[in-house]
Amino acid sequence: MSLKEILHHSGTRIIDVREPFEFAEDHITGAVNIPLNSIPAHAEEIRNFKSPVVLYCRSGNRSGMALRTLSGLGIANLYNGGGLFDMKALMN
């Protein structure tokens, strides 16, 4: 399944790992804001999601770090959506 298909799946969770002020400026509708530095504290919550989880940020760097952190904790079904504009393109 492609990332675009995953994003259009009704159960997919989308997490924006940018800072709250960035999230307030613009974000993907339905996304949850969990800043990168808070990701470890939310690991068990994310582990319990039964659906795919797509992480994104401004450019894809922070979402990549979040993905590596969560993967290192044994959490699967994670995808790096890249940056906000990448995600917007995939959502169309």
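Each value in this text was obtained by applying a stated rule to the coordinates, not by laboratory testing. Note that the structure is predicted; figures quoted are calculated from it, not measured. Note that we place each Cβ from the backbone using ideal geometry, even for glycine, and neighbour counts take in every protein chain shown.
Taking the Cα centre of the chain as origin and charging only Cβ (+1 Lys, Arg; -1 Asp, Glu), how large is the dipole, in debye to the nearest 20?
In total the dipole reaches around 240 debye.
What residue among Ser38, Ser71, Leu90 has its Cα farthest toward the positive end of the dipole of the chain, where the charges are +1 on Lys, Arg and -1 on Asp, Glu, each on the Cβ?
Farthest along the dipole direction, towards plus: Ser71.
What value does segment 1-52 have for Rg/Rh, both radii from Cα atoms and Rh as Kirkwood defines it?
In segment 1-52, Rg relative to Rh is 0.99.
Across all directions of projection, what mean area in square nanometres is found for the Cα convex hull of the chain? Mind showing how you got there, number by number?
Working: hull surface 21.2 nm².
Across all orientations, the chain yields a mean hull projection of 5.3 nm².
7 Å from Cα along Cα→Cβ at both Thr29 and Met1: what's the point-to-point distance in nm?
2.1
Excluding Ala76 itself, calculate the net charge of residues whose Cβ lies under 12 Å from the Cβ of Ala76, where each Lys or Arg counts +1 and each Asp or Glu counts -1.
Value of the local net charge: +2.
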